[in-house]
Structure formats: C-alpha cells, structure tokens
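Asks: Here it is, the structure in full.
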Amino acid sequence: ARVSDGLPLVAIQTPAPGIPVTSRDQQEAKELLRKITAGANKMSINADDKVFYYMTRDSLCFLTMTEARYPKRLAFLYLDEVGDLVLQELVREYGSSWRGEVDQTARPFRFIHYDPLIQRKQKEFQDERQQRSKLNDDLSEIQSIMKKNITDILDRGEKLDNVQNISQELMSKSSNFKWGTRKLTLQARLQQYLPLIVIVLIVGFVIYVKFFW
C-alpha cells in the first residue's frame, strides 16, 4: 500500500490454508493502512487471535496477518522478503521512475499483477518448521562468525602479549648493555691514564723522600 494515503496497490486474493480472512479482518486492515505513517518502520498489532504485522519502506507499506502463535521473527522476515521482491519488480518494470508511478496512480490494486509472485513467497513461509530451520541455520552461521571473530581477537591478544614480553626483555637487555658500555668506557679510560697516574705518584714519592724524609 502507499504510505501517504493507504491506497492498496497489490494484495493476495487467496488466504493461507487454515487462516480464513473475514470481512472484519479486511476492514481492520484498511483502517490500519489509513493510520500508518512513515514514522514507524516495523510494528505488530494484536487483533483477538490474530496479529497484523506491517513494515514501511521507500514510501510503501507492506502488511500481513497471521495467527497469534506464528513466530514474530518469521512474520517480519516474510515482509522483508516481500518488500525486496516488490521493489525489484518495480525497478525492473519502471526503472528509476517507479516512485512516480506509485505516487501518481489513483486506481487501487494498480500492481495486482505482482500477486502470483507474492503468493509463491507466501507458500514458502507456510511451512513453519522449514522457516524455523532456516532461522536456526542463519543464527548458527552468525554464531560461528562471532566465535571466529572472538577467537581472532583472542589470538591477536596473545600475540600482543608476546610482543609486550619481547619488548620488556629488549628493554632489560638494553639496560644491561648500557651498563656494560659504561663499564667498558671506564676500563678504557683507566688503561689510558693509569701509566700517567703511576708516574705522578712515583715523582711525588721521590720528592717527598728527598725533601721531607
């Protein structure tokens, strides 16, 4: 439906098996579409034993109704995939001017020829167990990616610890090297000036003995 005025653009005429759609359901859906604004992106609304789910995207609103027990995550996943499907068809059919086609149309169900595509998508989601398995597979994949990222981070942490240990060892060796350098310098200077010191001491001793002994 169009978000600006709630005009229905395409709808599935055949309800899912086991979920009859009454005239009251249809009326509630029409009233809901008129009240929807572009502000809320996704929302669920309880209606007795059923739930309306809707999603707004690119000036369009995608609405579906399920039994109350149907998983919320699957309902929004269905709307996401229907949204992708409809937008792809609009772009394929009208190119970059598809928004103008949507804004200018005054006839309800202008794009009813998308109905078979949406029905095929609906059938994919009728098997709840299959969709739960799909969700579980997606969650498992996400968990695997997260575990791998955490492992990589921990490995990098160990490598950083090793680098830190090596750095500390180098600093210690550097300090020892500095002290060794000072010691060698001192020894070199002693070797250089020791003969002169000895001569001065001998001369001083001779003078002392000659004049003061």
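Asks: Arrange the residues Ser23, Ser44 by how much accessible surface each exposes, largest first, with a 1.4 angstrom probe.
Replies: On the way: Ser23 95, Ser44 45 Å².
Ranking Ser23, Ser44 by accessible area, largest first, yields Ser23, Ser44.
Asks: So, one more: Using the heavy atoms of the protein chains alone and a 1.4 angstrom probe, what is the accessible area of segment 30-84 per residue in square angstrom? It would help to have the intermediate numbers written out before the result.
Replies: Numbers: 2870 Å² over 55 residues.
Per residue, segment 30-84 has 52 Å² of solvent-accessible surface.
Asks: Give the ranking of Ser59, Ser4 by solvent-accessible surface, highest area first, calculated with a 1.4 Å probe. All intermediate terms of the calculation are to be shown ahead of the outcome.
Replies: Numbers: Ser59 55, Ser4 100 Å².
Result of the area sort, largest leading: Ser4, Ser59.
Asks: Largest first, how would Asp80, Asp25, Asp48, Asp5 line up by accessible area (1.4 Å probe)?
Replies: Numbers: Asp80 45, Asp25 20, Asp48 125, Asp5 80 Å².
Accessible-area ranking of Asp80, Asp25, Asp48, Asp5, largest first: Asp48, Asp5, Asp80, Asp25.
Asks: Which far-off residues, 5 or more places away or on another chain, put their amide H under 5 Å from the one on Met43, with H placed in the peptide plane?
Replies: Long-range HN contacts for Met43: Tyr54.
Asks: When the chain is fully extended, how far beyond the present Cα-Cα distance does Leu77 get from Ile199, taking 0.36 nm per residue of separation? Numbers along the way, then the final one.
Replies: Numbers: separation 122, 0.36 × 122 = 43.92 nm, distance 9.97 nm.
Result: 33.9 nm gained on full extension.
Asks: Something else now. Give the accessible area for Lys42 in Å² (nearest 10); use a 1.4 Å probe, count only protein heavy atoms, and leave out ligands, DNA and RNA.
Replies: 90 Å²
Asks: In terms of modelled amide H atoms, which long-range or inter-chain residues lie less than 5 Å from the amide H of Val3?
Replies: Leu60, Cys61
Asks: Follow-up. Express the carbon and sulfur contribution to the solvent-accessible surface of segment 14-115 as a percent, rounded to the nearest whole number, probe 1.4 angstrom. Mind showing how you got there, number by number?
Replies: Numbers: 2970 of 5860 Å².
Roughly 51 percent of what the probe reaches on segment 14-115 is carbon or sulfur.
The values are calculated or read from the model by the stated rules, or taken from the named source; none is laboratory data. Just so it is clear, the structure is predicted and the values come from calculations on it, not from any experiment. What goes into the accessible areas is simple: the full protein's heavy atoms, side chains included, and nothing from ligands, DNA or RNA. Shrake-Rupley method; radii C 1.70, N 1.55, O 1.52, S 1.80 Å.
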